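This report concerns only the one structure given below.
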Amino acid sequence: MSKSPELGVCYYPEHWPEEMWITDAENMIKNGISWVRIAEFAWSRIEPSSGVFDWNWLDKIVDILGSNGLKIVMCTPTATPPKWLVDQMPDMVAIDENGQARKFGSRRHYSFSHIGYQKESQRITKAVAERYGQNNFVKAWQTDNEFGCHETTYSWCLSTLREFRIWLEKKYQNIDDLNKSWGNVFWSMEYRSFEEIELPNLTVTEANPSHNFDFRKFSSDQVKNFNYQQVKILNDYSPGRPISHNFMGHFTEFDHREICKDLNIAAWDSYPLGFLQNMQTIAREDKKLLEDCYNIGDPDFQSYHHDLYRGMGRLWIMEQQPGPVNWARYNPIPIAGAVRMWTWEAFAHDAEVVSYFRWRQAPFAQEQMHAGLMYRDNTPAIGSHEAMQVSNEIQMLNLPETQKSEIALLHDYEACWITELDGQTEDFHYTRLMIDFYKSVRVNGGSLDIVGKKADFTGYKLIIVPSFVHLETDTFKKMVSSGAKILAGPRTGIKNRNFQIPENLSLEGLGYKVKRVDALPYELPVEVEWKGQKGKLHVWREQGDSSGISEGKSEDGFPVITSGNQGSYLCGWPDEALLSSIMKEQMTMAGLKPITLPEYLRVRQRGDLLFFTNYGKKNVDIPDAFQGEILLGSKNMKQTDVTILKINK
Ligand code: GAL
């Protein structure tokens, strides 16, 4: 049996008078909170001026929280370097793509590549780790805060340029190899030495995509390096205490899998309503989803990210939306019950802790319109009642371990970058495509693991590759030899690892050779028919030669899906209904038993428990095909309900 999940909260004692601290701690306990995350933005209070430390207040609050029975997640405060430090090293700030400095006055004002700032980050990390590494109340760590937030993964500063050249030289060793790999003969872009290479910004037209691709890999490595420098210190001074970082939703600018190799906890910050709004602008507008779910969130977005991050480490939700937020284009109030449902949904996906952001609404500065569990006058907000309800419910249940799912979804950060750099259509959004495929399994009642290319594929019955541009033969062979059924989606295997078109155009074994691509606006899809069902391929559709069994046809005579001797290939991005039908058939062929769910009802299996959540406005019944003992909730579910069913396996 695994441990009971726990609740937590993000707390900023430095925002409140000391007289409130004891009552805050007591109220947290009364609310069923076990974990408190502190200090990630408190550098100016820890070290008010260079080398002058004030530990007094932090010692005091650590003691108050801990002696009241709360466990502390201590953070390194490096997301907010204080003014005196920026003045000491003005070139530590990042430079944007247009050459402008990203100044002091908010947060994350640093370049990952600045060696001076790296030293400062290690110095402050060491100071905090020395002070609290052995403190009995400090039970876990968080490095920095949301790496990459506010578009801070990339900096176009001189430190970056210097480090980029070193990185390239290490990778290619001689400049001819770099020229060849990037194809620099094209447009006379050849270099004679690594010192001649610039950053890929401010070019007249687009820079060479290979140049950009290496810059992305380099920038990702810089984040990994920055994190690792802190992790090493924390491990030295606080061995045995888990280290986390809080990642974000729909954020793909660095390779999280790589960074997680150095962490124990893969945490993420879940803001369902803000994310629903943002996806409308950055991915594709979906009026129906927006109207139906504006105050509850996309029924698949949260789960997708739980599955994504739990594939990289122990899953925590370090920040959970507790009420309206302040940063999306519109910021509605979550419907009553949503906070409880989101919390349960995280636990269904094996989260160990769900920690609400934040304890009390801030009366000042940037986030004063952002809810907390408490109002500014210290009375409980709705989120706090819902958190309390979950805390009582958790006590009544024993949650089993999560098992490996029968379905895997292959995800890859580099593949995402290639789809962005190779453009072709503005509407191809990698995360949107991943979630579309993910959803097509979920609407058929399936649970999935999201895995990277180095995963152990044995035991899966179905492996889905929504898109993996440079999927290579060795990874593909590993997948094939697992014996699973394979379904690859559009834009898979049509480039090599050097971002070039492979000699024989496509990966072999899927029955299709891609020759031409129709890269379309979402509104101009290609009409198709598959097994009597009419549908559309939108955004991306491929024309080529089929050598396997073809099914379905577009109006201009190309297949919808082909199957070779090693798997099937979808020659485009199908609309929701079509993808769901195709997935249902694939699941059946893989030996699974898909069950179509009512709209907006979702289920996730954890051990012998099924967790149902209803995101829809309509009351729905759990289909009869699901049988078992109800441990929480009921068979008829209204919006925001959670039902837990124990199945006999
Ligand atoms: C997160 C961030 C927090 C807070 C929160 C507001 O992205 O980590 O510090 O700003 O958003 O929703």
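The values are calculated or read from the model by the stated rules, or taken from the named source; none is laboratory data. In this text, all values refer to a predicted model and were calculated from it rather than measured experimentally. No Cβ is skipped: glycine too gets one built from the backbone with ideal geometry, and neighbour counts run over all protein chains shown. SASA here: full protein model, heavy atoms, side chains in, ligands and nucleic acids out. Shrake-Rupley method; radii C 1.70, N 1.55, O 1.52, S 1.80 Å.
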- Might you let me know whether region 93-101 holds any residue that is assigned to a loop (DSSP other than H, G, I, E, B) and within 22 Å of MET318 (Cα to Cα)? no
- Within region 4-55, how many residues are in contact with a Gly (Cβ under 7 Å, 6 or more places away or on another chain), open to solvent by less than 20 Å² (accessible area, probe 1.4 Å) and of a type in the set (S, T, N, Q)? 0
- Task: Could you list all residues from region 167-198 that are without any contact (Cβ under 8 Å) to a residue 24 or more places away in the chain and either among the aliphatic types (A, V, I, L, M) or surrounded by 13 or more Cβ atoms within 10 Å (Cβ to Cβ) (or both)?
- Result: TYR172, ILE175, ASP176, LEU178, ASN179, LYS180, VAL185, MET189, GLU190, TYR191
- Does any residue in region 349-367 that is touching a residue at least 24 places away in the same chain (Cβ under 8 Å) come within less than 6 Å, Cβ to Cβ, of a residue that is acidic (Asp, Glu) and more than 15 Å from the ligand (Cβ to nearest atom) six or more places away or on a different chain, and which pairs are these? VAL353/GLU6
- Item | Scope region 243-288; condition farther than 24 Å from VAL354 by Cα and among the hydroxyl-bearing types (Ser, Thr, Tyr); matching residues | THR281
- Using the structure shown, decide if GLY489 is surrounded by 16 or more Cβ atoms within 10 Å (Cβ to Cβ) and under 29 Å from the mean Cα position of the chain (by Cα). yes
- Near pairs, Cβ below 7 angstrom, 6+ apart or cross-chain, from region 412-434 (outside any helix (DSSP H, G or I)) to any residue that is of a type in the set (S, T, N, Q): PHE428/THR419
- Message: Given the criteria out of contact with any Cys (no Cβ under 9 Å at 6 or more places or on another chain) and not in a strand (DSSP E or B), does ILE72 qualify?
- Response: no
- Can you tell me which residue within region 594-633, out of those that are touching a residue at least 40 places away in the same chain (Cβ under 8 Å) and basic (Lys, Arg), is surrounded by the fewest Cβ atoms within 10 Å (Cβ to Cβ)? LYS617
- When VAL73 is evaluated against the numbered criteria (1) within 16 Å of the ligand (Cβ to nearest atom); (2) under 23 Å from ILE166 (Cα atoms); (3) hydrophobic (A, V, I, L, M, F, W, C), which criterion, by number, is the only one it fails? (2)
- Note on the structure: Subset of region 1-34, residues of a type in the set (A, V, I, L, M, F, W, C) and within 16 Å of the ligand (Cβ to nearest atom), comes to VAL9, CYS10
- Within region 611-632, count every residue that is closer than 24 Å to LEU289 by Cβ and touching a strand residue (DSSP E or B) at 6+ places or on another chain (Cβ under 9 Å). 11
- Query: Which ones in region 309-343 are more than 15 Å from the ligand (Cβ to nearest atom), open to solvent by 10 Å² or more (accessible area, probe 1.4 Å) and over 20 Å from ALA267 (Cα atoms)?
  - Reply: ILE335, ALA336, GLY337
- Query: Which helices (runs of 4 or more DSSP H) sit wholly inside region 1-69 and have at least 2 residues that are under 26 Å from PRO82 (Cα atoms)?
  - Reply: 43-46, 56-67
- Flagged in region 123-173 as under 29 Å from the mean Cα position of the chain (by Cα) and aliphatic (A, V, I, L, M), in numbering order, are ILE124, VAL128, ALA129, VAL138, ALA140, LEU161, LEU168
- Query: Residues of region 232-263 being open to solvent by 10 Å² or more (accessible area, probe 1.4 Å), part of a loop (DSSP other than H, G, I, E, B) and either β-branched (Val, Ile, Thr) or away from the ligand (no atom under 16 Å from the Cβ) (or both), which ones?
  - Reply: PRO239, GLY240, ARG241, PRO242, THR252, ASP255, LYS261, ASP262, LEU263
- Message: I'm told ASN227 meets every condition in (1) closer than 29 Å to ARG123 by Cβ; (2) more than 16 Å from the ligand (Cβ to nearest atom); (3) not in a loop (DSSP other than H, G, I, E, B) except one. Can you identify the failing condition by its number?
- Response: (2)
- Determine, yes or no, whether ILE501 is open to solvent by 20 Å² or more (accessible area, probe 1.4 Å), out of contact with any strand residue (DSSP E or B) (no Cβ under 9 Å at 6 or more places or on another chain) and among the aliphatic types (A, V, I, L, M). yes
- Query: Do we find that TYR460 is in contact with a Ser or Thr (Cβ under 9 Å, 6 or more places away or on another chain) and modelled with pLDDT under 95 in this structure?
  - Reply: no
- Item | Options ALA362, ALA351, ALA346; residue that is within 14 Å of the ligand (Cβ to nearest atom), open to solvent by less than 50 Å² (accessible area, probe 1.4 Å) and outside any strand (DSSP E or B) | ALA362
- Item | Residues of region 286-309 satisfying the condition of being without any contact (Cβ under 8 Å) to a residue 12 or more places away in the chain and either under 21 Å from PHE347 (Cβ atoms) or of a type outside the set (Lys, Arg) (or both) | ASP286, GLU291
- Query: Does LEU537 qualify as being on the phi < 0 side of the Ramachandran plot and not in a loop (DSSP other than H, G, I, E, B)?
  - Reply: yes
- Task: Scan region 225-276 residue by residue and report those that are touching a residue at least 12 places away in the same chain (Cβ under 8 Å) and charged (D, E, K, R).
- Result: ASP236, ARG241, GLU253, ASP255, ARG257, GLU258, ASP262, ASP269
- In this structure, is ASP608 in contact with a strand residue (DSSP E or B) (Cβ under 9 Å, 6 or more places away or on another chain) and farther than 17 Å from GLY446 by Cα? no
- Hey, PHE104 hits all of (1) surrounded by fewer than 20 Cβ atoms within 10 Å (Cβ to Cβ); (2) on the phi > 0 side of the Ramachandran plot but one; which does it fall short on? (2)
